[in-house]
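Q: Quick one: structure below, then a few questions.
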């Protein structure tokens, strides 16, 4: 055994409890700046000088924290702070380490392979929150790309019908669903609070960081400044987005034969070789075993 059974059980229990506690803390939604300011003014906080963000600064620089905050915005995790992501990483690290200890204790061994397994589970647990973040960013951008042409078509139709662009946006955000609808509602909220429409659109594009959406926002802002026909611009943008999506689908389809090489080499070719050469090998072995009497 590595250590005594009671000590191992206590260590495993403490590890699971610590990981669960950190993960629970990381799930608490982040309060907005206005609430924090009110609490500081009313002296409701225990220690205003030690916030989670300031504790996070001890481990990461301002540039790294800004990059992580940008990724959280791309994923649509607006209620999650960088400090909470760091807490999830620590919780995953402890959880993976505890799982590795459990396996090593179950096998009653401290060999090098089990130590490597503990390290592997620890690294996987620490990286898992970042993997979730990347998957959320990718999924959100795919959904926005799919919904963008329909939104542009609807905006063009409503503008042609005689509505103003703000009214068309308000009408579209009631119909639009998914991440694009959420971003539209946030952009319209900023406009109602007094921000200019162009700045609100640019802010939405900076949050999403999608090339097609950024191009659309730039074209709309320039069309408004130059006094161009907005409905025709929206129709051209919708057609362009659809063409790009079609070209991307064709590129993915062209890559399919290349991606099928590995599954064919691993699964189909061995079975084919067994079917072709199996009877020949069996006949050769049977004729070799049957010698002269």
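What follows is calculated from the coordinates using simple rules that are stated; it is not laboratory data. Everything numeric here is computed off the predicted structure, so don't read it as measured data. Cβ coordinates were reconstructed from backbone atoms using ideal geometry, including for glycine residues, and neighbour counts include every protein chain displayed.
Q: Once you keep just the Cα pairs under 8 angstrom separated by 6 or more residues, what percentage relative contact order results for region 143-195? Don't jump to the answer; show the numbers that get you there.
A: Values: 28 pairs, mean separation 19.8, N = 53.
Relative CO of region 143-195 lands at 37 percent.
Q: Calculate the translational D of region 90-160 in whole µm² s⁻¹ from Stokes-Einstein, where the hydrodynamic radius comes from the Kirkwood formula applied to all Cα pairs, the temperature is 4 °C and the viscosity 1.567 mPa s. It would help to have the intermediate numbers written out before the result.
A: Working: Rh = 15.3 Å.
Stokes-Einstein gives a translational diffusion coefficient of 85 µm²/s.
Q: Let me ask something additional. Hey, fewest Cβ within 10 Å first, where do 274, 233 land in order?
A: Taking fewest neighbouring Cβ atoms as first place, the list is 274, 233.
Q: State, in angstrom, two size descriptors of region 141-254 derived from its alpha carbons: Rg to one decimal place and Dmax to the nearest whole number.
A: 13.7, 48
Q: Compute the relative contact order of region 141-254 as a whole-number percentage, counting only Cα pairs closer than 8 Å that sit 6 or more residues apart in sequence.
A: Values: 87 pairs, mean separation 39.3, N = 114.
Relative contact order for region 141-254 comes out at 35 percent.
Q: How large is the convex hull of the Cα atoms of region 89-129 per residue, expressed in Å³ as a whole number?
A: On the way: hull volume 1.7 nm³, N = 41.
Measuring per residue, one finds 42 Å³ for the Cα hull of region 89-129.
Q: Continuing with this model, one more query. Taking the number of other C-beta atoms within 10 Å as the exposure measure, put 192, 245, 207 in order starting with the fewest. Walk me through the numbers on the way to the answer.
A: Working: 192 11, 245 15, 207 18.
Lowest count first: 192, 245, 207.
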